[in-house]
Amino acid sequence: MSGAGDMNSLVEKVRSAGVVGAGGAGFPSYVKIQASADVLIANGAECEPLLFKDQTIIQRFSTELLQGMALLMDQVGASRGVLAVKEKHQDSIAHIEPLLPANIELKLMPNVYPAGDEYELVYEVTGNRIPAGGLPKDIGVLVQNVETLVNIARAAEGQPVTRTMVTVHGEVEHPFTAWLPIGMRFGDVISLAGGITCDDPVVIDGGAMMGQVVDDQDASISAVSSGLLVLPRASNLVRRRSETEQEYKRIGKSGCDQCTLCTEMCPRYLLGYPIQPHLVMRSLLTTGEVSETLSVHAQACCECNICSLWACPEQLNPRDICVSTKRDLKANDLWLTPEQLQGQTREVHSMREYRGVPSQRLARKLGLAKYDSKTAYWKEVDTVPSRVIIPLHQRMGQHPEPVVSNGDAVVEGAVIAAPAGEGMGVPIHASISGIVTLIDGFIEIDAG
Ligand code: SF4
Ligand code: SF4
């Protein structure tokens, strides 16, 4: 295994290409691949309704995906490779199965949400649980999203990350999935889908369950963008995803009847982790020590939104209450150590396998079934946008500092920002060639 100091090592190539986890918070991949692991899991168990980017990677970019897996297995010393795909994606399975080498197997995941969650995936593949508050590497597993693996294969060839695979769906004429330049504005992306088909639209960036409602077509896609879902502002889903903290706390305080359904359907609770959202809801009615005792039941929340958007009969928002409670636990020094959290972990719930949330029924409940008839198939996009706005704070770790100035000419792939110090972080590259026109927490490039 070689480290980041060796310029020819995979670790250094992955760092300098700016590869970050494409399926999550943008954690720099070069750090993650320095640990050793027995098992590499390629995560293609796409979960968010209507998104099709992981399936596009598996069906269209399988050569690079398998190259990435082989490189990483060699890097971390893994003898077992697993590609996880949902059973329903028969096209992906039929394409990839004959191409798999002997040391990589296919894991068919149930058609439930959130099968692609790292904790779910590791348990399904290995039969072991990640320790509460821990990471897959704690039990000798490395999980990488399939897009990240393609980016790793490309990094090994010296190709930096300048594009991200995105699905555009919902109220658009022609849903599609494509590699798009990082920094492309939502409005430009959506116009590639033939335009919007509803009045007063908003965009959910990242998927219906875990994405963010964005009301700004000038916002731009980042290295971790996975999908843009265009929906009417008046839809129930957008209304529920747009509640302010004041609103969801006020409604939650008066509306929760402590039925416990949010806890009984919580996937992390069913895996035995110490999370009980109904107790966190109860904390809204209490103060002081009692409230603190109840609040800690939020810490293991993965923010999947099952409790709010599937379980709660009162349409309350235990998920967002868990999110704000986690923020407050950290701020008030009440955050438990992984050991304390692990000490509260129980056996896997005996009903777990019967409580998965079927993907199709979830889409219906979210009001998305009507879009399901159109699949967002891959589209080759070779048009270059006239302008990109590349966010500087799109990845975890040290924020990169611009290394270009206003008026500089840059070519696609050139480094435009880099971490200033020795801490964890990766550079950012120009996604199109052009002139730098503005630097302000982002770098704007005009194609000219
Ligand atoms: S499901 Fe809704 S009403 Fe029931 S305990 Fe949870 S938040 Fe309260
Ligand atoms: S969002 Fe709700 S269902 Fe999901 S892990 Fe958190 S508490 Fe559990």
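Modelled with pLDDT of 95 or more, among the acidic types (Asp, Glu), part of a helix (DSSP H, G or I) and crowded, with 17+ Cβ neighbours inside 10 Å: does that describe Asp74? Answer is no for this residue. Only one entry of Leu294, Leu341 meets the criterion of being closer than 28 Å to Glu245 by Cα, in contact (Cβ under 8 Å) with a residue 40 or more places away in the chain and either more than 20 Å from the chain's Cα centre (by Cα) or more than 16 Å from ligand 1 (Cβ to nearest atom) (or both), and that entry is Leu341. Scanning the range 250-280 for residues that are within 12 Å of ligand 1 (Cβ to nearest atom), touching a Leu at 6+ places or on another chain (Cβ under 7 Å) and of a type outside the set (Gly, Ala, Ser) turns up Ile251, Lys253, Cys256, Leu279, Val280.
From the list Glu120, Glu147, the one residue that fits, being of a type outside the set (Gly, Ala, Ser), touching a helix residue (DSSP H, G or I) at 6+ places or on another chain (Cβ under 7 Å), within 13 Å of Leu271 (Cα to Cα) and surrounded by 23 or more Cβ atoms within 10 Å (Cβ to Cβ), is Glu120. Within the range 297-334, the set of residues being within 12 Å of ligand 1 (Cβ to nearest atom) and on the phi > 0 side of the Ramachandran plot comprises Gln315 only. Among the criteria (1) buried (at least 18 other Cβ atoms within 10 Å of the Cβ); (2) away from ligand 2 (no atom under 16 Å from the Cβ); (3) modelled with pLDDT of 95 or more; (4) of a type outside the set (D, E, K, R), the one Leu237 does not fulfil is (2).
Select from the range 299-331 the residues that are more than 10 Å from ligand 2 (Cβ to nearest atom), in contact with a helix residue (DSSP H, G or I) (Cβ under 9 Å, 6 or more places away or on another chain) and free of Cβ contacts under 8 Å to residues at least 40 places away in the same chain and list them in ascending order. Scanning the range 299-331 gives Asp328, Leu329.
Yes or no, residue by residue, for (1) touching a Lys or Arg at 6+ places or on another chain (Cβ under 7 Å); (2) in contact (Cβ under 8 Å) with a residue 24 or more places away in the chain; (3) farther than 28 Å from Ala22 by Cα:
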| position | (1), (2), (3) |
| --- | --- |
| Ile221 | no, yes, no |
| Ser225 | no, yes, no |
| Leu228 | no, yes, no |
| Pro232 | no, yes, no |
| Val238 | no, yes, no |
| Arg250 | no, no, yes |
| Asp257 | no, yes, yes |
| Pro267 | no, yes, no |
| Gly272 | yes, yes, no |
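State which residue is farthest from Cys307 (Cα to Cα) when the search covers only the range 381-396 and only residues that are assigned to a loop (DSSP other than H, G, I, E, B) and of a type in the set (D, E, K, R). Steps first, please.
Initial filter on the range 381-396 (assigned to a loop (DSSP other than H, G, I, E, B)): 381-386, 392-396.
Add one more test, that the residue is of a type in the set (D, E, K, R), and what stays is 382, 395.
Details: Asp382: 41, Arg395: 28 Å.
Out of the qualifying residues, it is Asp382.
Yes or no, residue by residue, for (1) outside the structural domain of Ile432 (by TED's automatic domain parsing); (2) assigned to a loop (DSSP other than H, G, I, E, B); (3) in contact with a helix residue (DSSP H, G or I) (Cβ under 6 Å, 6 or more places away or on another chain); (4) not hydroxyl-bearing (Ser, Thr, Tyr):
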{"residue": "Arg129", "(1), (2), (3), (4)": "yes, yes, yes, yes"}
{"residue": "Ala132", "(1), (2), (3), (4)": "yes, yes, yes, yes"}
{"residue": "Asp138", "(1), (2), (3), (4)": "yes, no, no, yes"}
{"residue": "Leu142", "(1), (2), (3), (4)": "yes, no, yes, yes"}
{"residue": "Ile152", "(1), (2), (3), (4)": "yes, no, yes, yes"}
{"residue": "Ala178", "(1), (2), (3), (4)": "yes, no, no, yes"}
{"residue": "Val189", "(1), (2), (3), (4)": "yes, no, no, yes"}
{"residue": "Ile204", "(1), (2), (3), (4)": "yes, no, no, yes"}
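The values are calculated or read from the model by the stated rules, or taken from the named source; none is laboratory data. Small disclaimer: the values here were computed from a predicted structure and weren't measured. Don't worry about glycine lacking a Cβ; one is built from the backbone with ideal geometry, like all the others, and counts go over all protein chains shown.
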